[in-house]
Amino acid sequence: MPLPPPGPLARVLVTGASSGIGAAVARALAARGHPTTLVARRGDALADLAEELTRVSGLEAEVHPADLGTDAGLAEVRGLVDDERVVGLVNAAGFGVTGRVADLAGDDGQRAALDGLVRLNVLALHDLTVAAVGALVRRGGRGAVLNVSSITAFQPLPGAASYAASKAFVQSFSEAVHAELSGTDVTLTTVSPGLTRTGFADAADTDGFDRVPDLVVGAAEDVAEAGVAAMARGDRSVTPGLINQLSTLGGRFAPRSLLLPALDAGMRLLDD
Ligand SMILES: NC(=O)c1ccc[n+]([C@@H]2O[C@H](COP(=O)([O-])OP(=O)(O)OC[C@H]3O[C@@H](n4cnc5c(N)ncnc54)[C@H](OP(=O)(O)O)[C@@H]3O)[C@@H](O)[C@H]2O)c1
């Protein structure tokens, strides 16, 4: 049980806590008895959540607005991760960009969004994970990190190429570090959700979520419960939901020569 038992000294820092999966993770942690440090750009949404968490759980929730896509914001949050009161880190901040790379390349705004995606989903997550793992192991106590990946981590995805590649990085890096930490009291867990009803679709500027059956779109609360439970146990990885688990099997084992044209056609249909 590498995440230390809940209590006033078992603080967990959550990025992306202003909405969606990150907010649900913060609620799940507070419900278990963990004080939280909440990070995202929207300070007002973080303050509302902190007020709710303190009211419901009686535990302190600190608010730290920061843009993890900037050097200054990332350095500030890296400093918070180093705080010896922090025994856990959840990297939930992230976003997607849909569209074909050749099209996105011709639009300055979309081109900047692609760069920002890599900076947030890959560089910031990597930076904070390295900081947390280093600090937790150095201190010698128990500690845990939870990285939010995606079922898109398990295969390339035409129409969301940079996003799926960013999550492949998260999955590969996190699973490798999980193995490296064997024999320590620190663990690194990934949670790999499928389509989940959050602010994600708006941020990615897609209505694709509305074009798939409700059955395949999960709830942030279910992802958070699965992720926090796996983090508390120190599991390597969890994919919430049977449909998502089956989808990762396809991604891992179907021949790329069949899978990629099928995914390409499916994404074109969603885009139309
Ligand atoms: N929803 C899905 O279908 C789905 C599926 C698989 C994986 N995921 C992953 O789940 C994670 C959470 O996404 P979500 O679905 O919960 O979407 P969401 O509701 O849009 O939440 C994204 C969070 O990231 C934060 N964020 C974005 N840019 C940031 C920046 N530059 N600096 C700091 N924080 C930033 C946002 O807060 P601010 O805007 O306030 O900064 C928000 O709290 C992401 O890593 C996403 O890739 C989502």
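The values are calculated or read from the model by the stated rules, or taken from the named source; none is laboratory data. Bear in mind that the values here come from a model prediction, so they are computed numbers and not experimental data. Glycine also receives a Cβ, built like all others from the backbone with ideal geometry; neighbour counts cover every protein chain displayed.
Observations
- The residues in the range 196-240 that are more than 19 Å from A40 (Cβ to Cβ), modelled with pLDDT under 95 and not acidic (D, E) can be counted, and the count is 10.
- Neighbours by Cβ (under 7 Å, 6+ apart or cross-chain): first from the range 16-29, near the ligand (Cβ under 6 Å from one of its atoms) and among the β-branched types (V, I, T); second assigned to a helix (DSSP H, G or I) and modelled with pLDDT of 95 or more: I21/A220; I21/V223; I21/A224
- Looking across V217, V212, one residue alone is surrounded by fewer than 17 Cβ atoms within 10 Å (Cβ to Cβ), within 23 Å of G20 (Cβ to Cβ) and in contact with a Phe, Trp or Tyr (Cβ under 8 Å, 6 or more places away or on another chain). It is V217.
- Evaluating T70 against the criteria (1) hydroxyl-bearing (S, T, Y); (2) within 11 Å of the ligand (Cβ to nearest atom); (3) touching a residue at least 60 places away in the same chain (Cβ under 8 Å) leaves one unmet condition, (3).
- Subset of the range 234-264 (residues that are assigned to a helix (DSSP H, G or I) and among the aliphatic types (A, V, I, L, M)): L242, I243, L246, L249, L258, L259, L260, A262, L263
- Some residue of the range 234-250 being of a type in the set (V, I, T) and either over 24 Å from G20 (Cβ atoms) or touching a Pro at 6+ places or on another chain (Cβ under 9 Å) (or both): yes
- Scan of the range 202-225 for residues that are assigned to a helix (DSSP H, G or I) and over 21 Å from F95 (Cβ atoms), ordered by number: D214, L215, E225
- Residue in the range 111-129 that is modelled with pLDDT under 95 and in a helix (DSSP H, G or I) present: no
- Taking the criterion of being buried (at least 18 other Cβ atoms within 10 Å of the Cβ) and assigned to a strand (DSSP E or B), the residues of the range 163-201 that qualify are V186, T187, L188, T189, T190, V191, T196.
- Scope the range 148-176; condition among the polar types (S, T, N, Q) and either within 12 Å of the ligand (Cβ to nearest atom) or closer than 25 Å to A23 by Cβ (or both); matching residues: S149, S150, T152, S162, S166, Q171, S174
- Test: residue in the range 51-64 that is part of a helix (DSSP H, G or I), of a type in the set (A, V, I, L, M), more than 8 Å from the ligand (Cβ to nearest atom) and in contact (Cβ under 8 Å) with a residue 12 or more places away in the chain: yes
- Filter result for V39 (within 16 Å of the ligand (Cβ to nearest atom), touching a Ser or Thr at 6+ places or on another chain (Cβ under 8 Å), within 26 Å of D222 (Cα to Cα) and β-branched (V, I, T)): yes
- Index of the failed condition, L263 passing every other in (1) more than 30 Å from R11 (Cβ to Cβ); (2) over 19 Å from the mean Cα position of the chain (by Cα); (3) surrounded by fewer than 21 Cβ atoms within 10 Å (Cβ to Cβ); (4) not basic (K, R): (3)
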